[in-house]
Amino acid sequence: MQKLSRFSSQNEAHIITQALIANGIRAEFLGSRAYASHYLGGDTGTYDVYVHESDFEAALKFMNSTKLTVADEESILTVKPASFYLKKSIIHAFFAMFMAPVICNYISLINLKLFYKNEPNQVKKMIYGFTVLLLQLPPFIWLFLIFYKK
């Protein structure tokens, strides 16, 4: 088997593989979901579509005729939309309320920073940033109340 292309979505890889098979090209896809998508949902990850060596040229021709792209390793888009980072930031802020407050708050703030970097709308940055920062407070208040009782 020879690698034809890489996709960041399991659904995309599955659709392409099935389209190739429907056109008589032996194909399969292999890959794994990204760790975050296990608890955030979705199907993001790294999925490679493979075709039999003898069908490789036919697969390329099919992909080009349907205006589907065959991506090389360097051209794969790794930047996620701003909403992806916002969801991760909010979820980690909520996780911080119940388990591992310092670690989850840290991860939440890292994702908030990535959200700021990718979101062009200043109003959204301000509103969502303030919301995430407010979500950072309860775990620290609880920790204070637990450990600093007199």
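The values are calculated or read from the model by the stated rules, or taken from the named source; none is laboratory data. Just so you know, these numbers come straight off a predicted model, no measurement behind them. Positions of Cβ are backbone-derived with ideal geometry, glycine not excepted, and every protein chain shown enters the neighbour counts.
Some observations on this one:
- Restricting attention to the stretch 81-112, the residues being within 16 Å of the chain's Cα centre (by Cα) and not polar (S, T, N, Q) number 13.
- Matching residues, the stretch 114-136, being surrounded by 13 or more Cβ atoms within 10 Å (Cβ to Cβ) and assigned to a helix (DSSP H, G or I): Leu114, Phe115, Tyr116, Asn118, Lys124, Lys125, Tyr128, Gly129, Thr131, Val132, Leu133, Leu135
- Any chance Thr17 is surrounded by 14 or more Cβ atoms within 10 Å (Cβ to Cβ), modelled with pLDDT under 75 and either of a type outside the set (Lys, Arg) or not assigned by TED's automatic domain parsing to the domain that holds Lys88 (or both): no
- Single unsatisfied condition, Tyr47 versus (1) under 19 Å from the mean Cα position of the chain (by Cα); (2) at pLDDT below 80: (2)
- Met99 surrounded by fewer than 16 Cβ atoms within 10 Å (Cβ to Cβ), modelled with pLDDT of 85 or more, out of contact with any strand residue (DSSP E or B) (no Cβ under 8 Å at 6 or more places or on another chain) and hydrophobic (A, V, I, L, M, F, W, C): no
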